[in-house]
Amino acid sequence: MIWLVLLATGVVVGSPAAELRGFLDGQQLHEHCRPSPADELADLRSALCLGYVVGSADQILADEAETPPQLKSFCPPRTVIAEDLRGAAVDFLDRHPEAQGAAAATVVAAALSARYPCGADEGID
């Protein structure tokens, strides 16, 4: 398991996007989330995608823990699972190819906000 973490770290740190506005840009995130079946690292890329999106969501939720619901960035239902969050990011990138040049964290935040807008009765407190 440790080798997987080290390899994933190497993929992120060694990528050219480390010189940009974040570790990954939207295009790289999209490539990780939709790896080619012929790619020897397809499973690793999928895991990196899922971890990145869930980690981004966790960070946003933690940062906004004391924020009133109407001001939160996104409000996922209590039944949301990690794969749902990943799907939101992939769908957003599919529909907004112009976002692929943005920092991946920004893309994830926009995707989650679009998929899970905050309403009066929904979301995690």
Could you tell me which of Phe92, Ala82, Ala114 has its Cα farthest along the dipole of the range 45-125 towards the positive end, charges placed at Cβ (Lys, Arg +1; Asp, Glu -1), taken about the Cα centre? Phe92
Peptides 62-75, 104-117: what's the order by average Cβ count within 10 Å, highest mean first? 104-117, 62-75
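Taken together, the values in this text are just the output of simple stated rules run on the coordinates, not laboratory data. Being a predicted model, the structure only gives us computed values, none of them experimental. Every residue, glycine as well, gets a Cβ built from its backbone with ideal geometry; the counts of neighbours run over all protein chains shown.
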